[in-house]
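Here the structure is laid out as structure tokens; the discussion comes afterwards.
The values are calculated or read from the model by the stated rules, or taken from the named source; none is laboratory data. Here the structure is a predicted model, which is why all the values come from computation and not from measurement. Ideal geometry is used to build each Cβ from the backbone, glycine not excepted, and the neighbour counts take in all protein chains shown.
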Amino acid sequence: MAFSFGSGGGGGFGGGAAAGGFGATTGGFGASAANPAVANPNPNNDLVVPSPPGDTVSQLALNDNGTGLLASSWDGKVSFWQVARGPQVTVTPQAQITHEGPALCCGFASDGTTAFSGGADGKVKMWQLGQANRPEQQVGAHDAPVKCLTFCAELNMLITAGWDKKLKFWDCRSPNPAGQFDLPERAYCMSAGFPYLGVATANRRLCFYNLQGQPSLAEERESPLKYQSSCLALFPAGSQRPGFALGSVEGRVAIHYFKGTDKDSFAFKCHRDSSTSRIYAVNAIAFHSGDIFTTMGSDGKFHFWNKFKKTRLKGYEALGESITAGAFNKGGEIFAYAAGYDWREGAAGYNEQQAASRIFLHAVSKEDLEGKGKRR
């Protein structure tokens, strides 16, 4: 479907009209103008989502048909925008809930109208979007921050992983987990691609589970990368073979197949500045389709890759701030990404203006998916 992006519509959360133009918003929860600390706040001319959170975005999610956008952020907010699809795409802030601490993860159920979130308060919340008379409800808990979640449509269950070293399965009609596994360390990132589920933990451990029948641990192994895992994405349906893409804080991505010889798997460097020898973390990986995926880094850039051809398809201009999260809708027409401070330089590098988040919607192009044949 061909379409173009218009400026953000509607007012901010709870009121406030959009002032027009990319990123220009007034009023509403966490509403912010273009960041004055960045020379060009939108170098790739993508749609700026109005009323972004007031702090760094931890995760983004688009529902399957691309009509809803969800963001969790370090200010404890979980924000929802309606995305109007048509000849022009517009985005309107709709609603927001709050955790008692940073909101670390979020996602949609398969119906696209039920949202989930997890926070540093250890709570797992469910939210029926568009039903003002039905406030969010707590449907689960961990004994430490809830770092990751995903909804498995095949099991009709929500799966969460936390810093309490637990992996839990929830039937949201019951206050108790339907099942759980012990993790070797704190969960850092998680991804599902039925029938597999993967969790990357501290100390460079990887755990993979088979979700068919009774869920079971299929494999626990050490990361193929030398440094801390920062993001994990299992290959989606349509891949030639099952496997995963793993990113690290050392600007490197591993492509690993579950079935096959070691020579089939490989790793490559990315998000590095050859002119300064600086190395940036790979903060997020999102798959568009079977072989095509996007990496997002602390250098403020995102790139499209083809893992089968071992090729970078297209790279985009740096935003001046780290890209902390990103997601595609199921059809792959829309790519959402968020920029903000990712604490790569600790408290000493914190700047209040740069810490304010920005969220963009990118219309995926033919060139993004086919590139110009440049091989890594």
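Odds and ends about this structure:
- Qualifying residue in segment 351-360 (condition: more than 14 Å from T56 (Cα to Cα) and either in a helix (DSSP H, G or I) or at pLDDT 95 or above (or both)): no
- Considering residues of segment 285-299 that are of a type in the set (G, A, S) and buried (at least 21 other Cβ atoms within 10 Å of the Cβ) only, the residue farthest from C231 (Cα to Cα): S298
- Taking segment 155-175 as the range and being in a loop (DSSP other than H, G, I, E, B) and either in contact with a strand residue (DSSP E or B) (Cβ under 8 Å, 6 or more places away or on another chain) or at pLDDT below 95 (or both) as the test, the residues that pass are L155, W163, K165, D171, C172, R173, S174, P175.
- Selection from segment 181-198 of residues that are farther than 19 Å from A120 by Cα and either outside any strand (DSSP E or B) or touching a residue at least 60 places away in the same chain (Cβ under 8 Å) (or both): P184, F194, P195, Y196
- Residue in segment 225-239 that is assigned to a loop (DSSP other than H, G, I, E, B) and over 29 Å from L62 (Cβ atoms) present: yes
- Any hit, segment 107-116, residues being in a strand (DSSP E or B), touching a Pro at 6+ places or on another chain (Cβ under 9 Å) and either modelled with pLDDT of 95 or more or farther than 22 Å from A192 by Cβ (or both): no
- Residue within segment 310-321 that is over 18 Å from L246 (Cα atoms), of a type in the set (D, E, K, R) and buried (at least 20 other Cβ atoms within 10 Å of the Cβ) present: yes
- Exactly one residue out of S239, S265 is over 21 Å from G326 (Cα atoms), of a type in the set (G, A, S) and without any contact (Cβ under 8 Å) to a residue 60 or more places away in the chain, and it is S265.
- Condition check for R204: within 21 Å of the chain's Cα centre (by Cα), on the phi > 0 side of the Ramachandran plot and surrounded by fewer than 21 Cβ atoms within 10 Å (Cβ to Cβ): yes
- Take the conditions (1) part of a helix (DSSP H, G or I); (2) at pLDDT 95 or above; K263 misses just one of them, which is (2).
- Condition met for A84 (over 20 Å from S365 (Cα atoms) and touching a residue at least 40 places away in the same chain (Cβ under 8 Å)): no
- The sole residue among P135, P87, P145 that is modelled with pLDDT of 95 or more and either buried (at least 22 other Cβ atoms within 10 Å of the Cβ) or of a type outside the set (A, V, I, L, M) (or both) is P145.
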